[in-house]
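Working notes, structure below.
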Amino acid sequence: MDAREQRMAQNETLFREVNERLETVAHRLGPDVPYEFLCECANADCTFRVALPTGVYESVRADPRQFVVLPLHYTPEVEELAVKEDTYWIVRKTGEAGEYVEHLDPRDR
Ligand SMILES: [Zn+2]
């Protein structure tokens, strides 16, 4: 994994940390209510939000290598596309980037 790939993985884990906190709030609304999470894509400048049901977000989080992004906010060099919906995509980190983000999973501490 080169420095650029590492930086992209770090960006995504940073957004994930924020979303973990948002999810605590969203959880009170119930699993079927869509909530606006931050896009967890590799672009540090991306400030878009992505709406998805809390229950779906929870299932994404069950795999430490998965991230939720807006459609097209996808970096094929470091991840593969796992789920494609109209309003959100779920990506999964592969290779060294996958191991790296797994290590940074906030739920693993
Ligand atoms: Zn994005």
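The values are calculated or read from the model by the stated rules, or taken from the named source; none is laboratory data. Keep in mind the model is a prediction, meaning the values are calculated, not measured. Here Cβ is always computed from backbone atoms with ideal geometry, including for glycine, and neighbour counts include all displayed protein chains. Accessible surface areas use protein heavy atoms only, side chains included; no ligands, DNA or RNA. Shrake-Rupley method; radii C 1.70, N 1.55, O 1.52, S 1.80 Å.
List of remarks:
- Estimated FRET transfer efficiency (VAL83, ALA3; beta-carbon r; R0 35 Å; 0.05): 0.75
- Rel. contact order, % - alpha carbon contacts under 8 angstrom, at least six apart, the chain: 24 percent
- In plain terms, the chain from GLU102 to SER59 could stretch by 13.9 nm, reckoned as 0.36 nm per residue minus the Cα-Cα distance.
- GNM flexibility winner over the chain from PRO76, PRO34, PRO53 (Cα, springs under 10 Å): PRO76
- Additional length obtainable on full extension of the chain from VAL33 to ASP45, 0.36 nm per residue less Cα span: 1.6 nm
- Computed magnitude of the charge dipole of the chain (debye, nearest 20; Cβ of K, R +1, Cβ of D, E -1): 260 debye
- Value at 222 nm in deg cm²/dmol, rounded to 500, when DSSP H runs of n ≥ 4 in the chain each add -39,500 (n - 2.57): -12000 deg cm²/dmol
- In this structure the amide hydrogen of THR94, modeled in the peptide plane, comes within under 5 Å of the amide hydrogens of GLU79, GLU80, none closer than 5 places in sequence on its chain.
- Mean accessible surface per residue for the chain, computed with a 1.4 Å probe while every protein chain stays in place, in Å²: 55 Å²
- Percent carbon-and-sulfur accessible area, the chain, ignoring ligands, DNA and RNA, probe 1.4 Å: 51 percent
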